[in-house]
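Below: one structure, written as structure tokens.
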Amino acid sequence: QQIATKLLDVVVYSYYYLLMKINNIISKISLRTALFLCALFSFLMLATALVGQYIFGLHPCDLCIYQRIPYAAIIAIGVVGGLLVKSQKIRYALVIICALLFLLDAGIAGYHTGVELGVFKGPTACSSNSSGEKTLEELRAEIMNAPLVTCAQAMIYVLGLSMAAWNMIAAIFAFLST
């Protein structure tokens, strides 16, 4: 019990120290650089998802697709804001918007992780709401239009966590770093 408590203390203090160091570094960068870093991080996250999808055959579910939307928006905001916006007040507002989009993405990923773990019910697109009163043709059309991948089943686990869980951790880290 004592060893576990001390180990937890070491982990928490190490994490806190790391966050303070990162925060110290980030506080010294310009808003323009912050926008470009947000865009770069989002590009890397989207690239990872697309490589998984098209190279490794990890087909996304609907919630996986929804998690990509904030990253695409951050890329657009980061690049346009970094290149075209000259006002520091507007750049600051854009960095705040990027941070909120990271938080939104973490929320979507957290919900997705909860669906995978059975904590939450998935969206209707990810599950069947069939009533028994359908014709054979209606059932066939429903099956043909169903998503290939259910939101409740992770395609891959890395170090014991699904890609949605890793995305949640990364998005929280990006939010805290912004």
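The values are calculated or read from the model by the stated rules, or taken from the named source; none is laboratory data. The structure presented is a predicted model; accordingly, all values stated were derived computationally and were not measured. Every residue, glycine among them, receives a Cβ derived from its backbone with ideal geometry; neighbour counts consider all protein chains shown. Surface areas here come from the heavy atoms of the whole protein model, side chains and all, with no ligands, DNA or RNA. Shrake-Rupley method; radii C 1.70, N 1.55, O 1.52, S 1.80 Å.
Condition check ((1) in contact with a strand residue (DSSP E or B) (Cβ under 9 Å, 6 or more places away or on another chain); (2) among the β-branched types (Val, Ile, Thr); (3) free of Cβ contacts under 8 Å to residues at least 40 places away in the same chain) across all residues:
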{"site": "Thr5", "(1), (2), (3)": "no, yes, yes"}
{"site": "Tyr15", "(1), (2), (3)": "no, no, yes"}
{"site": "Ile25", "(1), (2), (3)": "no, yes, yes"}
{"site": "Leu63", "(1), (2), (3)": "no, no, no"}
{"site": "Tyr71", "(1), (2), (3)": "no, no, yes"}
{"site": "Ala99", "(1), (2), (3)": "no, no, no"}
{"site": "Leu104", "(1), (2), (3)": "no, no, yes"}
* Evaluate region 53-74: report whether one residue or more is at pLDDT 90 or above and either among the basic types (Lys, Arg) or farther than 30 Å from Gln153 by Cβ (or both). => yes
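Would you please name the residue that is surrounded by the fewest Cβ atoms within 10 Å (Cβ to Cβ), looking only at residues in region 40-57 that are more than 14 Å from the chain's Cα centre (by Cα) and of a type in the set (Gly, Ala, Ser)? Show your work before the answer.
Within region 40-57, the subset more than 14 Å from the chain's Cα centre (by Cα) is 40, 51-57.
Still in the list and also of a type in the set (Gly, Ala, Ser): 52, 57.
Values: Gly52: 17, Gly57: 8.
Ranking the candidates gives Gly57 first.
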* Asked: Just for region 114-137: of the residues that are among the β-branched types (Val, Ile, Thr) and under 14 Å from Cys61 (Cβ atoms), which one is modelled with the lowest pLDDT?
  -> Thr124
* **Residue in region 19-30 that is in contact with a helix residue (DSSP H, G or I) (Cβ under 9 Å, 6 or more places away or on another chain), closer than 16 Å to Thr178 by Cβ and crowded, with 16+ Cβ neighbours inside 10 Å present** => no
* Structure fact -> Scanning region 81-124 for residues that are hydroxyl-bearing (Ser, Thr, Tyr) and open to solvent by 80 Å² or more (accessible area, probe 1.4 Å) gives Tyr92, Thr124
* To do: Pull up region 58-80, narrow it to residues that are over 13 Å from the mean Cα position of the chain (by Cα) and of a type in the set (Val, Ile, Thr), then point me to the one that is most open to solvent (accessible area, probe 1.4 Å).
  => Val80
